[in-house]
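Structure record follows, encoded as C-alpha cells.
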C-alpha cells in the first residue's frame, strides 16, 4: 500500500496512533461527565453505564420518567470514540504492524467492536433488546481482541510485554464477567464489570499507540 494513497494516510502510524489515543479519552471523559450530571441517581453498584444513555428515564429502563440530560453526552461520546478509533483498527486489519493472519483477525475484532460501540450510542437503552445485543457484542469482541492481538504481540519479540499484558488483562476482564454472572461479587449493577472490561483494553492500547506514534513510519 502506498503511503500517499487515501487509505495509506488514513492508516498511517501517527494518524492511527492519535486516533487510538483520542478515542478512549473522549469516551472516558463523556462517561465521567455523564456520571457527574447524573450524580443524584447514578450508583456504581446498582446501575449499568448504559443507564446514563436512556434519554427518557432517570436511572435507566426501570427508572423514573424524565429528560436525561446525560444521555446525549454519554451516547455522543461512545459514537465519537467508535468512529475515531476506526483508523487504528484498519491499520491492524491491513497487517501494517504485523505479518500474521492472527494479527489481522485481532484487527477485525477491534473494528467490529467499534461498530458495536457506535451501536450502543445510537441504539441507546430506550431500544431495549437491540441495545442489549450491541452491548454484549461490544464487550465480547473487545475482550477477544485483547486475547487474539495479545497473542500476536507475544509472538513478536519487540512487543512481547505489551502482548502479555493485553492477554492477562483480557482474561481478567472475562473472569470478572463470569464472577458477576455467578453472583460472586457484592453488587447487582453491571457498571463495574463494564468499566473493568474497557480498562482491560485501554491500559495497554494507549501506551502501544504512543509507541506507534514515536516510531512514525
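The values are calculated or read from the model by the stated rules, or taken from the named source; none is laboratory data. The shown structure was predicted, so the numbers you read here are calculated from the model rather than taken from an experiment. Neighbour counts are summed over all protein chains in view; Cβ atoms, including those assigned to glycine, are modelled from backbone coordinates with ideal geometry.
Within the range 107-142, work out how many residues are out of contact with any helix residue (DSSP H, G or I) (no Cβ under 6 Å at 6 or more places or on another chain) and closer than 23 Å to residue 163 by Cα. Before you say what the answer is, go through the steps one by one.
Filtering the range 107-142 down to residues out of contact with any helix residue (DSSP H, G or I) (no Cβ under 6 Å at 6 or more places or on another chain) leaves 115, 122, 126-130, 132-133, 136, 140.
From what is left, the residues that are closer than 23 Å to residue 163 by Cα are 140.
The total comes to 1.
Among the listed residues 132, 145, 127, 139, which satisfies the condition of being under 22 Å from residue 11 (Cα atoms) and modelled with pLDDT of 95 or more? Can you show your working first?
Working: 132 fails: under 22 Å from residue 11 (Cα atoms); 127 fails: under 22 Å from residue 11 (Cα atoms); 139 fails: under 22 Å from residue 11 (Cα atoms).
Answer to the selection: 145.
Among the residues of the range 180-189, is any within 20 Å of the chain's Cα centre (by Cα), part of a helix (DSSP H, G or I) and either touching a residue at least 24 places away in the same chain (Cβ under 8 Å) or more than 24 Å from residue 48 (Cα to Cα) (or both)?
Of all residues in the range 180-189, those within 20 Å of the chain's Cα centre (by Cα) come to 180, 189.
The next check asks that each one be part of a helix (DSSP H, G or I); those that pass are 180.
The next check asks that each one be either touching a residue at least 24 places away in the same chain (Cβ under 8 Å) or more than 24 Å from residue 48 (Cα to Cα) (or both); those that pass are none.
There is no residue in the range 180-189 that is within 20 Å of the chain's Cα centre (by Cα), part of a helix (DSSP H, G or I) and either touching a residue at least 24 places away in the same chain (Cβ under 8 Å) or more than 24 Å from residue 48 (Cα to Cα) (or both).
Over 24 Å from residue 5 (Cα atoms), out of contact with any strand residue (DSSP E or B) (no Cβ under 8 Å at 6 or more places or on another chain) and touching a residue at least 24 places away in the same chain (Cβ under 8 Å) - does that describe any residue in the range 88-103? Steps first, answer last, please.
The initial filter retains those residues of the range 88-103 that are over 24 Å from residue 5 (Cα atoms), namely 102.
Okay, now just the ones that are also out of contact with any strand residue (DSSP E or B) (no Cβ under 8 Å at 6 or more places or on another chain), so 102.
With touching a residue at least 24 places away in the same chain (Cβ under 8 Å) added as a condition, the list becomes 102.
Checked the range 88-103: at least one residue is over 24 Å from residue 5 (Cα atoms), out of contact with any strand residue (DSSP E or B) (no Cβ under 8 Å at 6 or more places or on another chain) and touching a residue at least 24 places away in the same chain (Cβ under 8 Å).
Can you tell which of 26, 31, 84, 73 is at pLDDT 95 or above, under 17 Å from the mean Cα position of the chain (by Cα), under 23 Å from residue 209 (Cβ atoms) and buried (at least 21 other Cβ atoms within 10 Å of the Cβ)?
Working: 26 fails: buried (at least 21 other Cβ atoms within 10 Å of the Cβ); 84 fails: buried (at least 21 other Cβ atoms within 10 Å of the Cβ); 73 fails: under 23 Å from residue 209 (Cβ atoms).
Unique residue meeting the criteria: 31.
Exactly one of these conditions fails for residue 33: (1) touching a helix residue (DSSP H, G or I) at 6+ places or on another chain (Cβ under 7 Å); (2) assigned to a loop (DSSP other than H, G, I, E, B). Give me its number.
Condition not satisfied by residue 33: (2).
Evaluate the following for residue 68: is it surrounded by 23 or more Cβ atoms within 10 Å (Cβ to Cβ), within 19 Å of residue 121 (Cβ to Cβ), out of contact with any helix residue (DSSP H, G or I) (no Cβ under 7 Å at 6 or more places or on another chain) and touching a residue at least 12 places away in the same chain (Cβ under 8 Å)?
Yes: the conditions hold for residue 68.
Kindly indicate which of 134, 140 is buried (at least 18 other Cβ atoms within 10 Å of the Cβ), closer than 30 Å to residue 55 by Cβ and without any contact (Cβ under 8 Å) to a residue 24 or more places away in the chain.
134
Residues in the range 94-112 that are surrounded by 23 or more Cβ atoms within 10 Å (Cβ to Cβ) and within 20 Å of residue 77 (Cβ to Cβ): how many?
Final tally of qualifying residues: 1.
Scan the range 152-169 residue by residue and report those that are under 19 Å from residue 101 (Cβ atoms) and buried (at least 19 other Cβ atoms within 10 Å of the Cβ).
Scanning the range 152-169 gives 152, 153, 159, 163, 166, 167.
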